[in-house]
Amino acid sequence: MYNYMPLEVGRYVIYDHKEEIYSAGKNAPVISSWQEKDQVIEQSKQNENSSTFIIARYKRSSDTDYWTKIKEYAVKQTPDRILTTIDNQTVFSLVFPIDEKVRWNGNSFNNNDPEEYSYESVNEPSTVSEKSFDQTITVVERMDSSVINKYTGLKKYALGIGLVYDDQISFEYCQTQECLNSDIRKVESGFHRTRTVRESGIVK
């Protein structure tokens with residue numbers, strides 16, 4: 001059941017993280033990139049069917065740098081859901097059973113506005129950053145766009161590994177008459193963040 005987010009102490013995934021920050025008055029975004037490692041460091045069982053895992057997140061600029069721990073967060077597994085609590089906010093990440101017909105509110109456990117999550121491409125092969133995975137699922141967290149803004153969120157999980165791709169966009173478009181008359185939307189402010197899997201394994 002948890003094969004798309006397997007957790008055990010010592011399991012880790014390393015990601016390439018890229019961030020583009022757009023600011024009003026600037027012609028080009030500020031682009032940053034670094035590596036992050038998420039590693040399970042602790043497990044506690046609430047009961048026979050429920051466990052909480054503490055995950056440490058580390059950051060470094062490149063392969064030759066040392067890892068620096070930047071935070072810890074928690075992932076709770078229960079028979080019907082996985083909840084992720086990071087920076088004091090809980091997100092309803094996955095619901096079981098995994099099925100493309102299922103819809104759920106990803107913000108059920110926080111105070112944010114409701115956000116309908118759904119599955120697509122269930123158990124389908126996928127390629128992420130030139131790495132091929134035989135079975136993946138995609139969680140569509142948000143898909144809102146208009147002439148004035150764009151908010152999208154998409155995560156992809158691979159069987160036996162967990163999260164392998166995360167793409168988050170929050171754009172506010174230029175709203176001058178010239179911009180609105182153009183076929184190309186100019187980003188006035190916002191961000192585009194991606195995390196793509198680089199390596200995964202287990203440290204015993």
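The values are calculated or read from the model by the stated rules, or taken from the named source; none is laboratory data. Just so we're clear, the structure is a prediction, and the values are computed from it rather than from any experiment. Ideal geometry is used to build each Cβ from the backbone, glycine not excepted, and the neighbour counts take in all protein chains shown. Heads up: the accessible areas ignore ligands, DNA and RNA and are worked out on the full protein's heavy atoms, side chains in. Shrake-Rupley method; radii C 1.70, N 1.55, O 1.52, S 1.80 Å.
Determine the share of the chain's accessible area contributed by carbon and sulfur atoms, expressed in whole percent, with a 1.4 angstrom probe. Ligands and nucleic acids excluded, carbon and sulfur give 45 percent.
For the range 145-192, the Kirkwood estimate of the hydrodynamic radius, built from every pair of different alpha carbons, is 12.3 Å. Accessible area per residue for the range 1-125 is 58 Å², calculated with a 1.4 Å probe on protein heavy atoms, without ligands, DNA or RNA.
The charge dipole of the range 54-112, taken about its Cα centre with unit charges on the Cβ atoms of Lys, Arg (+1), Asp and Glu (-1) only, comes to about 120 debye.
Once the Cα gyration tensor of the range 1-102 is diagonalised, what are the square roots of 5 times its eigenvalues, in whole Å and ordered largest first, as equivalent ellipsoid semi-axes?
Numbers: eigenvalues 183, 73, 29 Å².
The equivalent ellipsoid of the range 1-102 has semi-axes of 30, 19, 12 Å.
Close Lys pairs in the range 8-146, defined as Cα atoms under 25 Å apart and 8 or more places apart or on different chains, number 20. Each peptide in 40-50, 187-197 was scored by the mean count of other Cβ atoms within 10 Å over its residues; highest first, the order is 187-197, 40-50. The overall shape of the range 51-176, judged from the alpha-carbon gyration tensor, is rounded, with an a/c ratio under 1.5.
Let me check something: with ligands and nucleic acids excluded, how do Asp166, Asp99 order by accessible area (1.4 Å probe), largest to smallest?
Numbers: Asp166 20, Asp99 55 Å².
Listed by decreasing accessible area, they come as Asp99, Asp166.
Heavy-atom accessible area, probed at 1.4 angstrom with all protein chains present, ranks Leu180, Leu154 as Leu180, Leu154, highest first.
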